[in-house]
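Everything on this sheet refers to the single structure shown next.
The values are calculated or read from the model by the stated rules, or taken from the named source; none is laboratory data. What you are looking at is a predicted structure, and each value in this text was computed from that prediction instead of being measured. Neighbour counts run over all protein chains shown; Cβ positions are idealised from the backbone, glycine included. Remember, those area values only see protein heavy atoms, side chains included, never the ligands or the DNA or RNA. Shrake-Rupley method; radii C 1.70, N 1.55, O 1.52, S 1.80 Å.
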Amino acid sequence: MDVFIDVILPVPIPQFFTYRLPRHLAELAKVGCRVVVEFGKSRVMTALVVKIHGNPPEKYPAKYIQELLDTEPVVTPTQIWLFQWVAEYYMCTAGEVMNVALPSGLKISSQSKIQYNPDFHHDELLTDLEKSFMDVLIREDSISYEEAGRLLGEQDLNKFLKSLVAKHAIILFEEVNERYKPKLIKKIRLHSDYATDENALMLLESLGKAKKQQEVLLKYLSIIPLDQLSEKNEEGIDKQRLKEAEVSDSALAALITKGIFEQWEVQVSRFDSLESDSLREIQLSPAQEAASDQIMGLFSTKDVVLFHGITGSGKTEVYIDIIKKALDSGTQVLFLLPEIALTTQIVRRLKRVFGDTMGIYHSRFSDNERVEVWRGVLDQKFQFVVGVRSSIFLPFSNLGLIIVDEEHESSYKQFDPAPRYHARDVAIMLALKMKAKVLLGSATPSMESFYQAQTGKYGLVSLKERFGNAQLPHIRLVNMRVEREKKTLTKEFSSVLLEAIGQNIENKKQSIIFQNRRGYAPYLNCQQCNWIPHCNQCSVTLTHHLNARTLICHYCGYSESVPRVCPACGSPHLRSVGVGTERIEDDLREIFPEAGVLRMDLDTTRTKNAYENIIGEFETGEVDILVGTQMVTKGLDFDRVNLVGVFNADKLINFPDFRSGERAFQLITQVSGRAGRREEKGIVLIQTNNPANRVLQYIVDSDYEGFYASEIKEREAYNYPPFSRIIELTVKDVDRNLAQEAAEVLAKRMKDYLGEQRILGPERGLVERIRNKFHFVIWMKLEKEKMNIQATKQYLQKELVHLITEKKFKSVQVVVNVDAV
Ligand code: ADP
Ligand code: ZN
Ligand code: ZN
């Protein structure tokens with residue numbers, strides 16, 4: 001009987017494809033193995049087996065697979081289920097999910113190769129030359145382009161191959177070689193014949209005049225002394241150590257050839273280099289102990305528990321306690337962190353406790369490293385993984401607990417490309433499937449999660465005191481209007497903030513300044529004619545970056561050098577308007593020339609270790625002030641920070657989005673939480689034009705519950721999440737009118753189906769044009785209680801296909817973002 005497989009292909013096509021297995025592989029292939037298949041005319045790609053069966057496809061003849069890459073599954077059945085669930089929920093394809101889930105090392109790299117087509121049975125169509133060429137192919141399995149060229153000599157290779165392709169005699173494919181390479185180190189030891197002190201000494205003598213070889217041996221014996229040779233020779237030493245000792249390479253090679261030294265390779269973990277101190281015992285405070293007990297207790301009745309612990313309460317220590325309990329019970333644990341926090345202090349703390357049993361899954365790690373974690377999870381070497389959002393796609397088989405730290409973070413949502421998934425929400429689904437528990441932790445929980453806790457769907461545990469004797473900081477609003485009137489501002493700094501920074505420098509304390517805008521200034525402005533440089537592909541101003549002497553578009557990356565004179569009127573008087581982190585850094589250096597100032601934002605943290613280096617430097621205490629964007633608000637824990645300054649709080653609060661209040665509360669509360677985390681009480685100074693603002697008042701009072709209560713009323717009144725789900729549709733086209741028209745058509749059709757009140761828009765995108773495409777946005781607000789979300793999505797899907805298959809709208813693109821944040 002013929003055997004067929006259904007596979008997921010890494011392409012945005014919604015269905016599975018069926019291929020045929022050659023007989024000799026029929027027994028070997030399993031669900032979750034990867035295969036190489038031909039797709040379309042001559043594309044070759046890695047696909048994932050999701051089903052093995054005996055039914056040939058009805059609509060097309062099944063092709064043979066080209067290669068089976070695994071004999072044991074690298075993807076589990078639960079993952080295959082998850083890929084499909086995510087695809088359905090977030091309205092994308094399983095192939096797109098697989099694409100983000102699998103590290104590229106598990107996909108293939110390409111180089112053209114030629115293979116004969118096993119389905120070809122028409123020798124009579126071939127010329128003699130073609131026949132002999134085919135004979136070579138059958139013998140060799142496959143050959144490269146170059147080899148084919150050599151075989152054919154004078155012949156026109158491309159023409160020749162084209163004819164064979166046309167006759168379906170051959171297949172061109174991209175060579176499959178697994179990109180994953182384990183990290184190997186070379187080791188060296190003495191042959192066991194010489195591994196006693198006596199024999200080693202005799203050897204030394206016998207080497208006689210070969211001084212260089214003697215040197216190698218002596219070096220080796222300085223690392224493993226004679227008297228330890230009999231026990232320690234076996235495990236050998238890193239070859240690298242001899243190299244570092246600058247012994248002669250050729251002498252070492254000669255000794256290996258002679259069989260005096262043996263060389264072999266061992267595979268090492270890439271994480272061994274991460275410093276790990278001795279394992280540390282922790283002693284929970286009574287309040288932490290109580291929180292931990294409550295969480296464990298609630299897990300007996302709730303699948304999800306929200307842990308609301310104020311900044312500095314020691315949530316990490318509570319997590320550690322709970323992770324240990326889960327690991328002790330024999331299950332796997334996943335600890336999710338927002339992207340940027342990963343390289344920081346928290347990973348080091350976890351590493352100290354869990355050592356090498358912990359895998360780290362981070363987008364800044366190389367692909368090889370990610371493949372290693374993947375395999376480590378698969379064969380259960382890593383029972384515990386700390387990772388960013390994509391680590392929910394690792395091949396867990398026995399997951400008992402998922403912790404989502406800083407669960408309110410919007411970076412858990414993937415924005416682009418599809419799948420536009422929210423890792424917290426997917427984690428909850430996955431846990432449900434695997435009967436695992438979920439612990440969501442935050443000092444400023446999302447409205448969604450706190451609402452679930454209030455209604456009793458999630459358990460709720462609060463920890464309201466800081467660890468040790470630390471107290472929450474004193475938060476003060478600085479009225480910028482008053483300072484402006486009194487003319488007490490220095491540049492954009494209030495006198496209050498400057499004085500506090502100055503005092504901190506004197507007292508050898510540290511300060512953090514938060515401004516959510518990178519670059520020097522948001523734009524340049526000609527003082528003569530008012531000209532402002534804009535991006536030529538996007539409808540935004542170009543941000544001035546002073547050090548780089550460029551104007552940069554923060555949407556598309558376009559950059560140009562700063563003009564010396566205004567291109568419109570020739571005036572040399574160009575002024576930078578507004579304040580970015582770079583400018584704050586510059587100004588602080590000018591105002592406090594004796595102080596050490598560091599900046600942490602996207603521009604200063606592009607390289608792999610930059611982030612850690614800045615934190616390391618700040619930790620040493622040489623630095624007085626750390627200026628930064630969002631990055632400084634998260635997870636940092638420093639002894640001597642007792643002042644936090646917040647620039648431009650109004651900008652955060654007034655952002656035109658229903659979540660801006662929630663976001664501002666979270667960001668400012670989180671950054672405030674960096675202050676005064678030890679004995680001394682910290683101070684937070686927030687510069688604002690509007691001190692009476694509701695959100696700011698709750699921040700000053702450190703009143704999360706109060707903020708929640710007032711915010712949730714508004715959400716309910718306007719039917720925003722958590723009372724509804726939002727699906728955001730972005731309609732794009734280079735032709736503005738066409739984009740608008742398509743958006744209007746789509747909105748109309750959805751209004752007809754769902755009713756006027758559930759559809760908002762279309763409206764121009766917040767930035768109307770990005771990379772030359774015009775954006776129009778439609779929002780679908782679907783009540784959680786009343787709506788059949790599934791049916792609505794299906795209807796929407798149908799309408800989307802309907803729209804873009806209309807000839808007129810052929811070029812139009814629609815991006816669907818389910819649960820847009
Ligand atoms: P959070 O994440 O809740 O803001 P952290 O977990 O960073 O707080 O803890 C704040 C500080 O208190 C850290 O320096 C941490 O090492 C310390 N800490 C918390 N709990 C303990 C404990 N039980 N024993 C020793 N140090 C602790
Ligand atoms: Zn001008
Ligand atoms: Zn641009």
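Kindly provide the pair-distance distribution of the chain built from C-alpha pairs, with 20 Å bins from 0 and whole-percent values in order of increasing distance.
With a bin width of 20 Å, the distribution comes to 12, 37, 35, 14, 1.
Could you give each residue of the range 411-419 its phi-based ³J(HN,Hα) in whole Hz, using Karplus coefficients 6.51, -1.76, 1.60 with θ = phi - 60°, and x for Gly or Pro?
Computed from phi, the couplings for the range 411-419 are 6, 6, 8, 7, 9, 8, x, 4, x Hz.
If you put +1 on each Lys and Arg Cβ and -1 on each Asp and Glu Cβ, how big is the dipole of the range 1-120 around its Cα centre, in Debye rounded to 20?
That gives the range 1-120 a dipole magnitude of about 260 debye.
At 0.36 nm per residue, minus the direct Cα-Cα distance, what do Ser248 and Tyr753 gain on full extension? Give it in nm, one decimal, please.
173.8 nm
Quick one: check the C-alpha center-to-center distance for the range 219-255 versus the range 126-171, whole angstrom.
Using only Cα atoms to place each centre, the spacing works out to 52 Å.
With a 10 Å radius around each residue's Cβ, average the other Cβ atoms per peptide and rank 297-310, 393-406, highest first.
Those peptides, ordered most packed to least, come out 393-406, 297-310.
Charges only on Cβ, +1 for Lys and Arg, -1 for Asp and Glu: so what's the dipole of the range 499-603 about the Cα centre, in debye to the nearest 20?
In total the dipole reaches around 200 debye.
Please report the carbon-and-sulfur percent of the accessible area for the chain; probe 1.4 Å, protein heavy atoms only, DNA, RNA and ligands left out.
Carbon and sulfur together cover 48 percent of it.
Could you state the accessible area per residue of the range 677-821 in Å², with a 1.4 Å probe and every protein chain left in place?
With the other protein chains kept in place, the range 677-821 gives 50 Å² per residue.
For the range 57-71 and the range 472-520, what is the centre-to-centre distance using only Cα atoms, to the nearest Å?
Going from one Cα centre to the other spans 66 Å.
For the range 744-784, what mean projected area does the convex hull of the alpha carbons give, in nm²?
3.3 nm²
Just to confirm my numbers, what's the Cα centroid distance between the range 526-591 and the range 694-735 in Å?
Centre-to-centre distance over Cα atoms comes out at 33 Å.
Per the Debye formula with a single identical scatterer at each Cα and no solvent contribution, what log10 I(q)/I(0) holds for the range 652-758 at q = 0.15, 0.16 Å⁻¹?
Here log10 of I(q) over I(0) equals -0.81, -0.86.
Can you compute the FRET efficiency between Asp193 and Asn398 using 1/(1 + (r/R0)^6), with r the Cβ-Cβ distance and R0 = 60 Å? Round to the nearest 0.05.
Plugging the Cβ-Cβ distance into 1/(1 + (r/R0)^6) gives 0.80.
7 Å from Cα along Cα→Cβ at both Trp81 and Asp701: what's the point-to-point distance in nm?
In this crude label model, Trp81 to Asp701 measures out at 4.6 nm.
What spacing in nm lies between the two simple spin-label points modelled at Glu147 and Glu72, each 7 Å away from Cα in the Cβ direction?
Calculated label separation equals 3.1 nm.
Using the per-residue mean of other Cβ atoms lying within 10 Å as a proxy for protection, in what order, highest first, do the peptides 798-810, 758-770, 218-230 fall?
758-770, 218-230, 798-810
5 Å is the cut-off here: which amide hydrogens, built 1.01 Å from N in the peptide plane, fall below it relative to Ile170, excluding neighbours closer than 5 in sequence?
Those lying under 5 Å, H to H, from Ile170 are Asn117, Val165.
Please give me the summed charge of the neighbours of Ser494: other residues whose Cβ is under 11 Å from its Cβ, Lys and Arg +1, Asp and Glu -1.
Within the 11 Å Cβ shell, the charges total +2.
With n ≥ 4 as the cut-off for DSSP H runs, can you work out [θ] at 222 nm for the chain, using -39500 (n - 2.57) per run divided by the number of residues, rounded to the nearest 500?
-10000 deg cm²/dmol
Once you put a point 7 Å from the Cα of Arg23 and another 7 Å from the Cα of Lys807, both along the Cβ direction, what distance in nm separates them?
Output for this residue pair reads 5.2 nm.
Mind listing the phi-derived Karplus ³J(HN,Hα) values for the range 588-597, rounded to whole Hz, using 6.51, -1.76 and 1.60 with θ = phi - 60°, and x for any glycine or proline?
Rounded to whole hertz, the list is 5, 4, 6, 6, 10, x, 8, 8, x, 10.
Give the accessible surface of the range 331-439 per residue, rounded to a whole number of Å², with probe radius 1.4 Å and ligands, DNA and RNA excluded.
Heavy-atom SASA per residue in the range 331-439 reads 27 Å².
Treating the range 319-474 as a set of equal point scatterers at the Cα positions, no solvent, please give the Debye-formula log₁₀ I(q)/I(0) at q = 0.10, 0.19 Å⁻¹.
Debye intensities relative to I(0), on a log10 scale: -0.36, -1.31.
Give, as a single signed number, the net charge of other residues whose beta carbon lies under 12 Å from the beta carbon of Asp603, with Lys and Arg counted +1 and Asp and Glu -1.
+1
Can you give the extra length, in nm with one decimal, that the chain gains between Glu231 and Asn613 once fully stretched, where that is 0.36 nm per residue apart less the Cα-Cα distance?
That pair, Glu231 and Asn613, stretches by 133.5 nm at full extension.
Can you give the FRET efficiency to the nearest 0.05 for Ala595 and Ser495, using r as the Cβ-Cβ distance and R₀ = 22 Å?
For Ala595 and Ser495, the calculated efficiency is 0.80.
Towards the positive end of the charge dipole of the chain, with charges on Cβ (+1 Lys, Arg; -1 Asp, Glu), say which of Trp531, Leu164, Ser660 has the farthest Cα.
With unit charges placed on the Cβ atoms, the residue in question is Trp531.
Can you list the residues, at least 5 places off or on another chain, whose amide H is less than 5 Å from the amide H of Glu67, using H built in the peptide plane?
Amide H to amide H, under 5 Å and 5 or more residues apart or across chains, Glu67 pairs with Val36.
Taking the convex hull of the alpha carbon atoms in the range 1-44, what volume per residue do you get, in Å³?
For the range 1-44, the hull spanned by Cα atoms encloses 91 Å³ per residue.
For Met296 and Leu204 in the same chain, what is the full-extension length gain: residue separation times 0.36 nm, less their Cα-Cα distance, in nm?
That pair, Met296 and Leu204, stretches by 26.7 nm at full extension.
Antiparallel versus total DSSP beta bridges in the chain: what percent is that, nearest 5?
60 percent
Give the residue list of trypsin sites (Lys or Arg not before Pro) in the range 470-561 that are DSSP loop and have at most 12 other beta-carbon atoms within 10 angstrom.
Filter output for the range 470-561: Lys486, Lys487, Lys508, Arg549.
For the chain, build the charge dipole from Cβ charges (+1 Lys, Arg; -1 Asp, Glu) around the Cα centre, then report which of Leu685, Tyr558, Val734 sits farthest towards its positive end.
Val734
Suppose all protein chains stay in the model; what accessible area per residue would a 1.4 Å probe give for the range 510-651, in Å²?
Accessible area per residue: 43 Å².
Rounded to the nearest 20 Debye, what is the dipole magnitude of the chain about its Cα centre when Lys and Arg each give +1 and Asp and Glu each give -1 at the C-beta?
The calculated dipole for the chain is roughly 2020 debye.
Under 20 Å from the Cα of Lys159, which aspartates and glutamates turn up, not counting those fewer than eight places away in the same chain?
Asp123, Glu124, Asp128, Glu130, Asp135, Glu146, Glu147, Glu174
Cross-link candidates for Lys324: which lysines have Cα within less than 27 Å, leaving aside residues fewer than 8 places away along the same chain?
Reachable lysines: Lys302, Lys315, Lys351, Lys381, Lys433, Lys435, Lys437, Lys457, Lys464, Lys634.
Using +1 at the C-beta of Lys and Arg and -1 at the C-beta of Asp and Glu, which of Tyr90, Tyr60, Ala101 has the Cα lying farthest in the positive direction of the dipole of the range 14-135?
Farthest towards the positive pole: Tyr90.
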